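Since the structure comes first, as C-alpha cells, the remarks are kept for the end.
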Amino acid sequence: MSAVRAGKLGAFFFRPQPESSSRARDVIELRQAGKTYRVDGRDIPALQPTDLRVAGGEIFGLIGHSGAGKSTLLRLINRLEEPSAGRIVVDGEDVTALDAAGLRAFRRRVGMIFQHFNLLSSKTVADNIAMPLQLAGSLGRRQIAERVDGLLARVGLEAHAGKYPAQLSGGQKQRVGIARALATEPKILLCDEATSALDPQTTAQVLQLLDGINRELGLTIVLITHEMDVIRRVCDRVAVMDAGRIVELGPVGDVFLHPQHPTTRRFVLEAEQIDEHEQRADFAHVAGRIVRLTFRGEATYAPLLGSVARDTGVDFSILAGRIDHIKDTPYGQLTLALIGGDIDAAQRRLAEAEVHLEVLRA
Amino acid sequence: MNEFFSNVDPGEIWLATVDTLLMLGGSLLFTVLFGLPLGVLLFLTGPRQMFERRGLYRLLSVLVNALRSLPFIILLIVMIPLTVLLTGTSLGVAGAIPPLVAGATPFFARLVETALREVDRGIIEASQAMGATTRQIVVDALLPEARPGIIAAITITAITLVSYTAMAGVVGAGGLGDLAIRFGYQRFQTDVMIVTVALLLVLVQILQSIGDRLVVHFSRR
C-alpha cells in the first residue's frame, strides 16, 4: 500500500514547497536504488528498489522503526552502503559510477553526523573539527585554524576548543559532530538519528541549530529518526518507511495532519500521545455529529467557530484539541460534537473557510 | 649477613643486568617494529573489516598461532641456524635477540589486533564519511584511538620478554637469567639466586608502573 502525494494542499498553506520547483534543482536522486544483504547464501532485502528525490535546500526526513531500511537508505547517499541495485545521483553526479578516489572526493562534499557522535576520544574538540580538513590536505595550518574558530563560534563551543570529548555533555558532543561535518563546507548534511541519544531539551537545541544551518547556509539536510516530533519541528518533507520501502511521502503538514498509511498513523498518534481506543470509548457517550477540524496557517487563529455557531444555530462541544506548530506554520486540530441547528450548513461554512473537515461519526 | 652473600659479585651482577636490559630493549624495539604492522594487517584483513581478505587472514593466523604454540625454549634451539645466519653468532646478547623477537612478535601482533578491534566501529564509519583513505583511517584515527591499548600491549610484551631473556640464558645468552641458572641453580649459590630474582622482580615492577602511567596519560575517556 502506498500513499505518495503531490502535496498541493501543503503548497497552498505553507511557504512555497521545494517540491513544486523544477526537477533540475533536485540535489539527491535515487533511481530504483536498493540493498540486499547476503547472509549464509540467502538474500535478505534491507531496502526495496526505491525512487526518491530530495530538492536543494530542503530538510527531508525519513521516519521508520528500526529495521525499516531508513539507515540503509541514508548510507546509500554517500555510499557507506554499496547499493546492490539502481543508481544514485547527487548534485548531478552519478555516485554509483565513482571509483575509490572519486568517492573520497565526493564524500568531502557530504557531511554526516551520527547518533553516538563518533568523535575521536584521543583528539581535542578543535582537532576533531579540523580532522576532515587535515585529511583533505588542501588547506594550510593557519587556514584550518581559522576555519575551526569560525565553526566553534557557529556551534557555540568557543570555550571548549581544548577539551576532550569525554569532558563534554551529549548535546555539546553533537555540536562538535555538526561542526566537524560542516568543516569541508559541504552542500549536503546527512543526519543518522542525530538526536536519539539526547534528552528532549538538548534535542530541541540541536534541531534549532540544524534548522539555522539549513536557512543560513542553504544546506540540504536528510535526517533519519524514529520520532515524529523531530520531523514536525524541522522537516519540510517526510518519507515514512516500513519493511524496506517508502509507504508514504509528502509535505510534513499533509503527512502529519492527514496520515494515510497505518504506520504513519501510528507514528502520529505516538507523537500526540493519543490512545485511539480510549478516545473511541469516550466519544461513545457523546451525542451529535462528531467531526475533526484541521486549521493551518492564519486560519488557526481566526474566530471562525463562534461565528459559524451564531449563524447556523449549531451548538458544539470540544472533545479534544491541540494547537501547535509544524516547523513555522501554526496548526490546530479540534474534535467537536455538533448538536442541533443546521449541521450541514455549518459543515459547508467550515469547508469554505479553508478548514479541513473530517466526519468521524455521522 | 655479608657471609651469606659471599658468592655475589657486584661486577658480575651489574654486567648481567646490563645484558638483560640490552636484550630487552633490542628485542622490544624489533618486536614493536614488526608486530605493529602485523597486528594492523591482521585487523584489517580480519572478518568483516575494511580490507577483508579471508585467505590472507587465515594464512597469517596459522603462522602467528604456530609461532605462539611453540614453547619458547624449543624456539630458541630450533632457531639457532637462522640466528647464526642473521647475527653471526648464537651466543650473547646479539644471539638472543632474533629468537626473542620471533617469540614475542606474534604475541604482540595479536594484542595489537585486539586493541584495534576495541575501537568503536563508528570511528571508522565517521572517517570513511569524511573521505579518508584506508591508510589515513589507520594512522589518523585507529592508532590514536587504540593508543592506550597498544601501550598496554607493549607493557605486557616487555614483561613477557623479561621472562624470555631468562630462558635465553640456557643457550648462553647471558643476563640475569643466565646467572641464576649457572650459579644459583647449578652451583647451589642460593644468594646469587635471591639477588637475580629480586632484580628481575624489580625490573618487572618498574616496567608495569611505567606502562600503567603511560596508559593513564593517553586515556581521554
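Throughout, read-outs are computed from the coordinates displayed, never taken from laboratory work. The structure displayed is predicted, hence computed values, not measured ones. Note that we place each Cβ from the backbone using ideal geometry, even for glycine, and neighbour counts take in every protein chain shown.
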Residue order, fewest to most beta carbons within 10 Å, for A:M228, B:M79: B:M79, A:M228
HN-Hα J in Hz across region A:304-314 - Karplus 6.51, -1.76, 1.60, θ = phi - 60°, x for Gly and Pro: 7, 4, x, 5, 5, 4, 4, 6, 9, x, 8
Gap separating the Cα centres of region B:185-216 and region A:171-232, nearest whole Å: 56 Å
FRET efficiency for B:L214 and B:S6, using Cβ-Cβ distance with R0 set to 45 Å, rounded to 0.05: 0.65
For the protein assembly as shown, size of Cβ-based charge dipole, Lys and Arg +1, Asp and Glu -1, in debye: 1020 debye
Least to most buried among B:R48, B:R53, A:R237, A:R180 (fewest other Cβ within 10 Å first): B:R48, B:R53, A:R237, A:R180
Spin-label proximity, A:D91 to region A:108-124 - amide N less than 15 Å from point 7 Å beyond Cα toward beta carbon: A:108-112
Footprinting exposure proxy for B:S27, B:S90 (fewest neighbouring C-beta atoms within 10 Å first): B:S90, B:S27
GNM result for chain B, Cα springs below 10 Å: residue of B:T83, B:T105, B:T20 fluctuating most strongly: B:T83
Amide H contacts of A:L319 (H built 1.01 Å from N, under 5 Å, at least 5 apart or other chain): A:T335, A:L336, A:A337
For region A:282-361: rounded, prolate or oblate by the Cα gyration tensor [a/c cutoff 1.5]: oblate
GNM result for chain A, Cα springs below 10 Å: residue of A:Q205, A:Q333, A:Q143 fluctuating most strongly: A:Q143
Of A:I231, A:I318, A:I246, the one that fluctuates the most in a GNM where chain A has Cα springs shorter than 10 Å: A:I318
Residue-wise HN-Hα coupling along region A:175-186, computed from phi with Karplus coefficients 6.51, -1.76, 1.60 (Hz; x: Gly, Pro): 5, 4, x, 5, 4, 5, 5, 8, 4, 8, 6, x
Of the chymotrypsin sites (Phe, Trp or Tyr not before Pro) in region A:49-154, those whose Cβ has at most 12 other Cβ within 10 Å and which sit in DSSP loop: none
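Can you pick out the pairs among A:K123/A:K327; A:K70/A:K173; A:K70/A:K327; A:K35/A:K163 whose Cα atoms lie more than 32 Å from each other?
Going by Cα-Cα distance, A:K123/A:K327; A:K35/A:K163 fall outside the 32 Å limit.
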Nearest-20 debye value, region B:10-218 charge dipole, Cβ charges on Lys, Arg, Asp, Glu: 520 debye
